[in-house]
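Read the structure below first, then the notes.
The values are calculated or read from the model by the stated rules, or taken from the named source; none is laboratory data. Just so it is clear, the model here is predicted, and its values are computed rather than measured. FYI the Cβ positions are ideal-geometry reconstructions off the backbone, even for glycines, and counts take in every protein chain you see. SASA here: full protein model, heavy atoms, side chains in, ligands and nucleic acids out. Shrake-Rupley method; radii C 1.70, N 1.55, O 1.52, S 1.80 Å.
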Amino acid sequence: MNPVNYLYLAALLFTIGATGVLIRRNAIVVFMCVELMLNACNLAFVAFSRMHGNLDGQIIAFFTMVVAAAEVVVGLAIIVSLFRSRHSASVDDASLMKL
Amino acid sequence: MDNLIALLVAAPLLGAAVLLCGGRRLDAVGHWIGTVLAAASFVIGAVLFADMLGKDAEHRAVGQHLFSWIPVEGFQADVAFQLDQLSMTFVLLITGVGSLIHVYSIGYMEHDERRRRFFGYLNLFLAAMLLLVLADNYLLLYVGWEGVGLASYLLIGFWQHKPSAATAAKKAFLVNRVGDLGLSIAIMLMFTTFGTFAFGPVLEATGETGEGTLTAIGLMLLLAACGKSAQVPLQSWLGDAMEGPTPVSALIHAATMVTAGVYLIVRSGEIFNAAPDAQLVTTVVGAVTLLFGAIVGCAKDDIKKALAGSTMSQIGYMILAAGLGPIGYVFAIMHLVTHGFFKAGLFLGAGSVMHGMNDEVDMRRYGGLRKYMPVTFVTFGLGYLAIIGFPGLSGFFSKDKIIEAAFAKGGTEGWILGSVALLGAAVTAFYMTRVMLMTFFGEKRWQPDERGNEPHPHESPKSMTIPMVVLAFGSVFAGGFFGVGDRFVHWLEPVTEHTHGHPPIGATAVTLSTVTVMVVGVGLAYLLYGRRPVPAVAPRGSLLTRAARRDLLQDDFNHVVLVRGGEHLTRSLVYVDHTLVDGVVNGTAASMGGLSGRLRKLQNGYARSYAVSMFGGAALLIAATLLMRAV
Amino acid sequence: MSFPLLTATAALPAIGAIATAAVPAARRTAAKWLALLVSLATLALAVVVLVRFDPDGDRYQLTESHSWIKDFGVRYELGVDGIAVALIALTALLIPFVILAGWHDADPLETRSSRWRPTQGFFALILAVEAMVIISFEATDVFLFYIFFEAMLIPMYFLIGGFGDRAHAGSDEHAAAQRSYAAVKFLLYNLAGGLIMLAAVIGLYVVAGNFSLQEIAAARADGSLDMATNTERWLFLGFFFAFAVKAPLWPLHTWLPNAMGESTAPVAVLITAVVDKVGTFAMLRFCLQLFPEASEWATPAILVLALISIIYGALLAVGQRDIKRLVAYASISHFGFIIMGIFAMTSQGQSGATLYMVNHGISTAALMLVAGFLISRRGSRLIADYGGVQKVAPVLAGTFLVGSLATLSLPGLAPFVSEFLVLVGTFARYPVIGIIATFGIVLAALYTLVLYQRTMTGPVKPEVSAMPDLKVRELVVVAPLIALLIVLGVYPKPLTDIVNPAVEQTMSDVQKTDPKPDVEAAK
């Protein structure tokens, strides 16, 4: 199968993720969209790894997964505590830092 | 002996310093300190004079170098004095008349609580005036020149609580500053032309430069002289200067300071000799002023202002003579000295009249005072005879010589100048007779003032009458002493040069016509003011009289052109500075503020919009990279 | 190694500033005395510098040199020539008078407890300004100079904005708004100038490879450092712009009337008599030495701007209704004379300009401080609120008159010497400009005498009838200044002896010789 198709899929997933980040207000959804973008990148890395015949891309993909896992830990904790204090998961409500 | 020269200046300067810094402790003795130091200066002057007479004419000029004043590369200004016959004449006049007026002021200012300060200013004036005539270079002369201006400013405005006095003082200083402009530029021209501004080197080198430069220097010096000597077009301050105490008018605005312009021109004789155009302008200025002052003098009812017009006119004679060149220099100075005597005497007489009349100055409220103040009447009368050129008295000798020299100038010029001078002599006789008749003759016209105080005319104290007597003595005999046997000519000749002029109609004819016009003037005045009573309120008068009462509209002209114009200019400049120059600055600041206000809106606090800009930026970067690759 | 005299002269007031600021809040008087003593000690050090300086010796004396930022070739280099010595002496001389005159300016107000006036801060800031100004006069490293040239804005900003004039016509809020406007305007104007200069300083480094004034000037003189004409001109303009803002030169002057009007009289003296002198000094030292050809190129334009400053400043002074703003515009006129003297490129002009800096400092200090005493008595800055003061306070009026006469350059007082030298020097090369500038002396008489007439003469206004005359402290401030004006007017030789050799050096830097008198030239 042509590896380029995997890249198309990755680009599609990335775009869906980016759009979600930009237009959704629910922090959980935004967060999931970020994960989607990360995974789109992972897919692209793996696809390139296959195309070029070396393992660099796959190694990077592992790194990304680790970082994503760490991000989930921190990010979800923030969202949960935000929800507890404000009873809302909307990103627009968290505007205390705004002048 | 030469080292005494500095003491001449130092004595009154010390007096000024002590009196002005001494404070109230010196109030009781201040006037004596001032008078003694002025007299000391006169004594030193007399000693130096005796010493000078002991030498032969060619070696009389002496000098004293004190210290280097402003030493800068290529620019050498020294504090150094030069005492020659010309300076000596002035030294004796200044310290002599000055000392007399100090004595007079003791009585005149007796009831003024600020008398100590008055004497301090008088001493300051003497020091500055002596510096002016003793300086051996133009820059040091400039110091004295401004110093007398300052003293004049302080003394005109001595009664500062009167707004009119303060305004007159300021006006005098400002008009003089315009003249100083001329002196500054003249000195700068000398510096760039000759590399120096000391009298000796400059006057010796006049042959080495072109006539154009010398004319420019001469005209600038003339401008300076016009300012100080109240000549047209800078004459407007002298009448107002009469706001000052009368001794000041006598000393500064009659006998000494106002004649500094004549000194300057005579001192710079070599420059003027080589610049005929400048000389011509000088004679014209002198001729115009002598008529101008005489006409103004005819119309004034204020005794001091009438005398001020007369002063202006008499100095016009001197400037005219100085503009004639070597045929006139000596006579300019001679008239200056005799004028110093009789005009100071006349002013002191006027002061004595005012002293007895509760400071009334309006001659229409005098009348018949000869019975009440005999000494004043006699001394004033002798001064009057001297100034109108009564044969045998001082003014006759000096004025006659000037008229003679004016005719001797030759050509149409000579005729015009001579006729103007002759006409001036007639007008002089007219207005002085008018002053005399209105003040001392006729019926008494004074009335009680608003508070019901009726003046009780009385003779002034001894301290005032003695100086008047001395000056009257000078008014009678000085001219004869100088004129007979050309004594004064021989005295000054080594400094100013002298060529004898020959008027086309003969000297005797000139003298005869002078006496004739004088008699005509006196007679006319007698018809108008002696034969019939003088109205206590001034009649409306002809157009010329009304114009002359307003000093021939000089102030109206100045007011419209300079004051009004200047006010508009400064006001619009203040506006421009605020709106335009500052507006650009504030506008820049405001537009910066506006721009940042708009940019601030981008920072709306929504994470999404930041994300958009991130994505957008990333997309742009990628696009740019791809584009670069493609190209 | 010899004693670092120049560092000590600058460091002493700096240390004094810190010490003064550290005095506990309650001991206000102690802080004042400390500041005064420090300023007097600095004056003593400045006198030592003056004595140790040998006018006929090397160009830069008492030099110190240490490496500072090696990577950029920045050095801590100090050295003084005759011009710098004169100005250091002026600065050190004026500060004690400024402190003494401002003795009560920063006292807490009884009526308004909310506005706490930190006395210690006021005097510490004055000393800080002194330290920075002195080191600016001493620095021979361009970067070092730049740092202190800019840094002095900070204490000045607080002095203007924090300690304004109490005599204000409007409400307290209005006064505070005016004050902060003036302070911000001062800061922004000067920062803008400084920023452009920073670019030029960096540019100079790129071209020359180091910051040392002496090295660059020497390299320029012997031709080993060649700048492209355009580069030199741009760099010159960058430097000149900053100095022209500080000096200030028309049309960059509008901050000065605001700053001087809103600050207290001693601070106004600090601005115009001390801080602004750094600008004109730097023109002489940096613009002419580093960029001689560009200086010559710009001369006509600068002379015209200076001429406009002279006439324009004087005319605006005539139109002012506020005493302090009047003095400010008069200063603009005088700075025009200084800049004209510098760029006339004659010995007389430049000697005159240097003397002018010193004399203007003294005369403005005398006039402004007496005006400050007057204003503090009546509580108003408007000329129209006064009248007849001469009658009730003759000593105050007398000193005010002497200050006015000095401002109009009366012969016999110090400013005359310098003004005449500047005029002669300018006239020798540019007669027309010299003649027009001479009209400035008439205008100067106009604005000073009108000011004197309106405030001091005439009938006594009821509001001033109880005005006390000068107190001892105030007399101690004014009398020495007046004495100096007279002494330097009669015998300026000691000063010219110090200044002349330095001016000759500068003249040879720009490769100019004085025009010969016509009579000699014709031979």
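Across all Cα pairs in the range B:573-622, the calculated P(r) in 5 Å bins from zero up to the longest distance comes to 5, 17, 12, 12, 12, 10, 8, 7, 7, 6, 3, 0 percent per bin.
Considering the range C:408-523 at the alpha-carbon level, its Rg and Dmax are found to be 20.4, 69 Å.
Extents of the range B:535-607, largest first, come to 100, 20, 13 Å (Cα atoms, principal axes, whole angstrom). Mind jotting down a quarter of the surface of the convex hull over the alpha carbons of the range C:158-283, in square nanometres, one decimal? The Cα convex hull of the range C:158-283, projected and averaged over all directions, gives 8.6 nm².
Ignoring lysines fewer than eight residues from residue B:300 along the same chain, the ones with Cα atoms less than 23 angstrom from its Cα are B:162, B:170, B:171, B:228, B:343, B:444.
What's the whole-number percent of alpha carbon pairs in chain B lying beyond 35 angstrom? Percentage above 35 Å: 44.
A 1.4 Å probe run over the protein chains yields, for the range B:310-394, 19 Å² of accessible area per residue, whole-number rounding.
What shape does the range C:302-364 take by its C-alpha gyration tensor, where a ≥ b ≥ c are the square roots of the eigenvalues and a/c under 1.5 counts as rounded, a/b above b/c as prolate, and the rest as oblate? Because a/c hits 1.5 or more and a/b fails to exceed b/c, the range C:302-364 counts as oblate. Among the protein heavy atoms of the protein assembly as shown, carbon and sulfur supply 67% of the accessible surface, probe 1.4 Å, non-protein parts ignored.
For the range B:325-404, the alpha carbon positions stretch 47, 21, 19 Å along the principal axes, listed from largest to smallest. Taking the Kirkwood radius as Rh and the Cα radius of gyration as Rg, chain C has a ratio of Rg/Rh equal to 0.96.
Per residue, the convex hull spanned by the Cα atoms of the range C:271-383 measures out at 81 cubic angstrom.
Relative to the longest principal axis of the Cα atoms of chain B, helix B:276-299 runs at roughly 70 degrees. Against chain B, whose longest principal axis comes from its Cα atoms, helix B:487-496 is set at around 20 degrees.
Once the trypsin sites (Lys or Arg not before Pro) in DSSP loops with at most 10 neighbouring Cβ atoms within 10 Å are cut out of chain B, the longest remaining piece is B:1-450.
For the range C:245-268, a reduction of at least 40 Å² in accessible area between the chain on its own and the assembled protein chains (probe 1.4 Å) is found at C:254. Charge dipole (Cα centre; +1 on Lys/Arg Cβ, -1 on Asp/Glu Cβ; no other charges) of the protein assembly as shown amounts to roughly 4120 debye.
Give me Rg/Rg_expected for the range C:8-136, where Rg uses Cα atoms only and Rg_expected = 2.2 N^0.38 Å with N residues.
Computed over Cα atoms of the range C:8-136, the ratio equals 1.24.
For peptide B:157-166, the mean count of partner chain Cβ atoms within 10 Å of a residue's Cβ comes to 5. Note on surface exposure: A:65, B:190, A:37 rank A:65, A:37, B:190 by accessible area, highest first, 1.4 Å probe.
Rounded to whole Å, the principal axis extents of the Cα atoms in the range B:306-357 read 46, 17, 6, largest first. What the pair-distance distribution of the range B:463-604 shows, using all Cα-Cα distances binned every 5 Å from zero, is 2, 6, 5, 7, 8, 8, 9, 9, 8, 6, 4, 4, 4, 4, 3, 3, 3, 2, 2, 2, 1, 0 percent.
With contacts defined as alpha carbon pairs under 8 Å and 6 or more residues apart, what's the relative contact order of the range C:27-163 in percent?
26 percent
Of the residues B:418, B:48, B:324, the one whose Cα sits farthest towards the positive end of the charge dipole of the protein assembly as shown is B:418 (charges of +1 on Lys and Arg Cβ, -1 on Asp and Glu Cβ, taken about the Cα centre). Using Cβ point charges alone (K and R +1, D and E -1), the dipole size of the range C:5-509 about the Cα centre works out to roughly 1740 debye.
Summing Cβ point charges (Lys, Arg +1; Asp, Glu -1) relative to the Cα centre of the range A:4-86 gives a dipole of roughly 360 debye. The mean sequence distance of close C-alpha pairs (under 8 Å, at least 6 residues apart), as a share of the length of chain C, puts its relative contact order at 15 percent. If you build the convex hull over the alpha carbons only and average its shadow over all orientations, what do you get for the protein assembly as shown? Give it in nm² to one decimal. That works out to 63.6 nm², a quarter of the Cα hull's surface. Taking other residues whose beta carbon is less than 14 angstrom from the beta carbon of residue B:215, and scoring Lys, Arg as +1 and Asp, Glu as -1, yields -3. Overall dimensions of the range C:372-411, expressed as equivalent-ellipsoid semi-axes from the Cα gyration tensor (√(5λ), whole Å, largest first), are 20, 12, 9.
With q set to 0.19, 0.29 Å⁻¹, the log10 of I(q)/I(0) for the range C:185-240, from the Debye formula over equal scatterers at the Cα positions, is -0.67, -1.19. What does the charge add up to near residue B:449, with Lys and Arg as +1, Asp and Glu as -1, over the other residues with Cβ less than 13 Å from its Cβ? Neighbourhood net charge equals -3.
Mean projected area of the Cα convex hull of the range A:1-63, taken over all directions, amounts to 4.3 nm². Within the straight-line cut-off of under 23 Å between alpha carbons, the lysines reachable from residue C:493 are C:277, sequence neighbours fewer than 8 places apart in one chain being disregarded.
Protein heavy-atom accessible surface, 1.4 Å probe, per residue over the range C:10-156: 39 Å². What the Cα convex hull of the range B:382-538 gives, in volume per residue, is 163 Å³.
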